[in-house]
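The values are calculated or read from the model by the stated rules, or taken from the named source; none is laboratory data. Nothing here was measured: the structure is a model prediction, and the numbers come from that model. A quick note on method: Cβ atoms are made from the backbone with ideal geometry, for glycine too, and the neighbour counts reach across all protein chains shown.
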Amino acid sequence: MPTVGAALADAEERLAAAGVETPRVDAEWLLAGILEVGRNALAVNVMRPLPEMTAARYADVVKRRTRREPLQRILGWEEFRGLRLRLTNDVLVPRPETEALVEWALGALPAPSAGARPLVVDVGTGSGCIACAIAHARLDVEVVAVDISGAAVEVARANVEALGLERRVHVVATDLTSALGEASADLIVANLPYLPDAWLDALAPEVRAHDPRLALAGGADGLDVVRRLLPDARRVLRPGGVLLLETAGDTLSPAAIGTLQASATATLLSAAGFVGVTARADLAGVTRFIAGRTPAGAGHTP
Ligand SMILES: C[S@@+](CC[C@H](N)C(=O)[O-])C[C@H]1O[C@@H](n2cnc3c(N)ncnc32)[C@H](O)[C@@H]1O
């Protein structure tokens with residue numbers, strides 16, 4: 001029987017040889033997942049023998065990872081702002097940069113006030129990560145989370161229920177904001193498909209082969225879905241309501257194709273009549289998030 005330490009070292013070697021960027025961390029997460037312990041617990045158990053059945057299951061998941069199946073898809077979950085979200089092949093693996101979008105969304109919400117129930121709409125909810133994180137952080141808000149994919153809606157609903165948020169987060173299968181009433185929302189937040197077509201083939205295998213295309217592909221310049229959202233977002237937001245979008249950013253693609261998608265999105269918002277249009281960078285310093293608000297009414301700075 002191999003020890004935990006030996007099994008980890010062997011897995012790390014295999015993952016490194018397969019080109020996995022973080023072989024040790026991945027080896028640890030995979031074993032922790034099988035043993036159903038925290039990753040830190042492995043360090044104090046390196047001398048423990050690994051039963052044969054467990055070693056066989058471990059070898060199996062390590063093999064899947066060497067084929068560049070994403071770690072989160074093998075584990076079946078990802079953490080997002082401290083919440084554990086269940087994943088299937090029908091939803092995007094939540095990305096760390098989207099946590100910054102949630103941070104901005106929380107800052108853009110009206111301050112809590114007695115009796116008020118701000119309405120947030122999460123468009124393209126996928127796993128439900130944004131909707132759940134906002135509802136978890138702000139107990140006074142209602143969230144409508146929409147996705148055009150029925151399979152994604154099922155995953156989001158399961159996550160909402162697992163986190164006990166079903167009384168305040170309502171998941172709806174619909175195209176963008178078409179099912180929502182006029183002037184009903186205080187905040188629309190959306191991480192919609194935004195990758196330009198030319199980028200898709202150059203993505204890392206973990207993304208290209210495993211994230212649903214419906215979650216990625218945004219047409220020639222990546223902005224097809226956002227363009228369709230803007231007029232209806234104006235209809236659905238209250239006066240002074242805020243629209244907050246994640247974009248591919250003002251950056252280079254994996255194939256070194258340049259884009260100024262954040263700037264282009266800002267221009268689209270202004271052209272659609274949003275005011276106070278501003279941008280923010282992600283943790284890597286890439287200008288990626290764009291906000292604007294509908295005119296008239298008191299409004300607040302996004
Ligand atoms: C980039 S993923 C984002 C998922 C999730 N919000 C996140 O941040 O991880 C985009 C999501 O938008 C959904 N989507 C694509 N077109 C849509 C549309 N017309 N209406 C609603 N949702 C759409 C996709 O099914 C996918 O779940």
For this session: For the stretch 183-224, enumerate the residues that are over 19 Å from the mean Cα position of the chain (by Cα), away from the ligand (no atom under 14 Å from the Cβ) and either part of a helix (DSSP H, G or I) or on the phi > 0 side of the Ramachandran plot (or both).
Result: Ala183, Asp197, Ala198, Asp201, Ala202
Problem set entry | Some residue of the stretch 158-167 being assigned by TED's automatic domain parsing to the domain that holds Ala248, at negative phi and under 15 Å from the mean Cα position of the chain (by Cα) | yes
Exercise. Could you say whether any residue in the stretch 156-164 is touching a His at 6+ places or on another chain (Cβ under 7 Å) and away from the ligand (no atom under 11 Å from the Cβ)?
Worked result: yes
For this session: For the stretch 165-182, name all the residues that are farther than 28 Å from Pro239 by Cβ and within 10 Å of the ligand (Cβ to nearest atom).
Result: Ala173
Exercise. Mind checking whether some residue in the stretch 241-251 is assigned by TED's automatic domain parsing to the domain that holds Ser270, free of Cβ contacts under 8 Å to residues at least 40 places away in the same chain and not small (Gly, Ala, Ser)?
Worked result: yes
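Please enumerate the residues belonging to the stretch 92-109 that are over 30 Å from Leu71 (Cα atoms) and surrounded by 17 or more Cβ atoms within 10 Å (Cβ to Cβ).
At the first step, the residues of the stretch 92-109 found to be over 30 Å from Leu71 (Cα atoms) are 107-109.
Within the stretch 92-109, Ala108, Leu109 qualify.
Taking Leu106 as the residue in question, decide whether it is within 30 Å of Gly285 (Cβ to Cβ), within 16 Å of the ligand (Cβ to nearest atom) and not assigned by TED's automatic domain parsing to the domain that holds Ala185. Even if it seems obvious, please write down each step before you answer.
Values: within 30 Å of Gly285 (Cβ to Cβ): yes; within 16 Å of the ligand (Cβ to nearest atom): yes; not assigned by TED's automatic domain parsing to the domain that holds Ala185: no.
In short, no.
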Exercise. Can you name the residue in the stretch 67-103 that is outside any strand (DSSP E or B), free of Cβ contacts under 8 Å to residues at least 24 places away in the same chain and within 13 Å of the ligand (Cβ to nearest atom) and is also nearest to Leu230 (Cα to Cα) among such residues?
Worked result: Arg95
Exercise. Does Arg117 satisfy the condition of being farther than 23 Å from Asp175 by Cβ, in the same structural domain as His210 (by TED's automatic domain parsing), surrounded by fewer than 23 Cβ atoms within 10 Å (Cβ to Cβ) and of a type in the set (Lys, Arg)?
Worked result: yes
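State whether the residues of the stretch 134-153 include one that is within 16 Å of Ala215 (Cα to Cα), surrounded by fewer than 24 Cβ atoms within 10 Å (Cβ to Cβ) and away from the ligand (no atom under 11 Å from the Cβ).
no
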